Amino acid sequence: AQSVTQLDSHVSVSEGTPVLLRCNYSSSYSPSLFWYVQHPNKGLQLLLKYTSAATLVKGINGFEAEFKKSETSFHLTKPSAHMSDAAEYFCVVSRAARDDKIIFGKGTRLHILP
Amino acid sequence: GAVVSQHPSWVICKSGTSVKIECRSLDFQATTMFWYRQFPKQSLMLMATSNEGSKATYEQGVEKDKFLINHASLTLSTLTVTSAHPEDSSFYICSARRGLGGGYTFGSGTRLTVV
């Protein structure tokens, strides 16, 4: 079985400070992991993905995430927050090896304080 | 890059009428498309998976007679909400995948309001 837990429903940071959005996963197989961002009333945009290559994955807009198998984590980080980063972020894990469905976390709302 | 177009972006309809939402992959052939529903401030809930030329696979609790899915070609899937009721009001999002192991590209979503 596959599951993903986003540990914080809301995160608030000041503009220019680091961002950390936490995600833990559970998987019976080697997982593929993704981070998506959703702005209000918009679809989802892929930030980055891990598919068993390099454990440190760099994405768009300065975001990156590190796959840590020992901690079953895939936390999303950014060195310096920008106002435009305010959005909903979803951690996603792929399901069983042959199944093409993906499992969404419940999301983390990122607030950027001026 | 892969682009998925979802139309309309918003729609208001009267109770009892049907609404069709289209999802098109613009620059790739999507062997599999997915339909999600998202309630306010909640995550995405997978409704169904459709493969081109075959019947959709619905998730538990999703009424297949109410949410009709058609995937007639490799670039188009449609979701029809039949006999819509106010409780069907929601944000519906589609995604498309090129093939096994391919990435997922999401549409921009459709805000459905049933009055």
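None of the figures in this text is laboratory data; all of them are computed from the coordinates on show. Predicted model only: the values in this text are computed from it and were never measured. With ideal geometry, Cβ positions are generated from the backbone for all residues, glycine too; neighbour counts draw on all protein chains shown.
The range B:8-65: percent of C-alpha pairs farther apart than 19 Å?
Percentage above 19 Å: 44.
Within the P(r) computed for chain A, what percentage of the Cα pairs occupies the region above 19 Å?
41
For B:Ser83, what is the net charge nearby, where nearby means another residue's Cβ is under 10 Å from its Cβ and Lys, Arg count +1, Asp, Glu -1?
Once positives and negatives cancel, what remains is -1.
If the rule is a partner Cβ under 4.7 Å, which cysteines in chain B fail it?
Those would be B:Cys13, since no other cysteine Cβ in chain B comes under 4.7 Å of theirs.
Compactness ratio of the range A:21-73: Cα Rg over 2.2 N^0.38 Å, N = residue count?
In units of the globular-protein estimate, the range A:21-73 measures up at 1.19.
Going 7 Å from the Cα of A:Ser26 along its beta-carbon direction, which residues of the range B:40-67 have the amide nitrogen within less than 20 Å of the resulting point?
It comes to B:43-46, B:60, nothing else.
Send over the per residue convex hull volume for chain B, Cα only, as a whole number of Å³.
Roughly 97 Å³ of hull volume per residue.
So for chain A, averaging the separation of alpha carbon pairs under 8 Å that are six or more residues apart and normalising by length, what relative contact order in percent results?
Taking the mean separation of contacting Cα pairs over the length of chain A, I get 37 percent.
Please compute the net charge surrounding B:Ser15, taking Lys and Arg as +1 and Asp and Glu as -1 over other residues with Cβ under 15 Å from its Cβ. Don't skip to the answer; put the middle values down first.
Working: positive: B:Lys14, B:Lys66; negative: B:Glu87, B:Asp88.
Once positives and negatives cancel, what remains is 0.
Quick one, can you get me the convex hull of the C-alpha atoms of the range B:64-115 expressed as volume per residue in Å³?
Once divided by residue count, the hull of the range B:64-115 is 94 Å³.
For the pairs A:Lys42/A:Lys68; A:Lys101/B:Lys20; A:Lys58/B:Lys20; A:Lys106/B:Lys55; B:Lys14/B:Lys55; A:Lys101/B:Lys41, note any where the Cα-Cα span goes beyond 26 Å.
Distance filter (> 26 Å) returns A:Lys42/A:Lys68; A:Lys58/B:Lys20; A:Lys106/B:Lys55; B:Lys14/B:Lys55.
Stokes-Einstein diffusion coefficient for the protein assembly as shown at 37 °C in a medium of 0.692 mPa s, Rh from the Kirkwood formula over Cα pairs: what value in µm²/s?
Value of D from the Cα-based Kirkwood radius: 180 µm²/s.
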